[in-house]
1. Multiply the residue gap between Glu174 and Arg140 by 0.36 nm, knock off their C-alpha separation, and tell me the result in nm, one decimal place.
2. Could you state the principal axis extents of the C-alpha atoms in the stretch 123-180, from the largest down, to the nearest angstrom?
3. If you stretched the chain out fully between Leu119 and Asp167, how much longer would it get, using 0.36 nm times the residue separation minus the C-alpha to C-alpha distance?
Amino acid sequence: MTTLETLHDLAPAADAGNATRTVGAPMRRALATARDRTAVVCGEQTLTYAELGDRVARLGGLLAGLGLRPGDRVAYGISNGYGSDAELYAALTDFEATYAAYGEFQDRMEHYWCLRWLLQEQITGTTGSVIRDTLVRFDRLPLVVRMPDLPALPPETGVRIAIGRIDLLADTFECRYAGEVDS
């Protein structure tokens, strides 16, 4: 039994003709429903789905830590045998999900630390530029906010932003449009 055969058996019949299906979705189902079932057999050695899932997560984290992003190409050269092709294939196909989880966490932490800095420095007003519609990018901070009271302005227009109450526990803050930046 190989990983691909087992994962194919766990995939629902409706997915059978889907050319865009990856190993990641059936792998997650297998982890949820069959953690202790055998996933990989090579000679006398075996891996359960739980063990394979742990290795996939570690390798996905390692690749993300090295700066790889979804869509990047990776070449590898390893010998045949236990812990090689099937394990690496599963890790690479599930990499986007792992990277997305790290990215979401990083975005939340970056937002929190931006708010923390605004509080620490007692910033009550700053500048930014219109991205589009009501979306504004702060100057000097990696922070983008939606400002419902922003009038219709062309992209790249400099605006002044008044900052109100900041709630670190809720990870929210109040801000409003305070006018265009003087040229």
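1. Length gained, Glu174 through Arg140: 10.4 nm.
2. 34, 20, 19
3. Working: separation 48, 0.36 × 48 = 17.28 nm, distance 0.96 nm.
Taking 0.36 nm per residue and subtracting the Cα distance, the gain is 16.3 nm.
Bear in mind that the values in this text are calculations on the coordinates, not laboratory data. Owing to the predicted nature of the structure, the values given are computational and were not obtained by experimental measurement.
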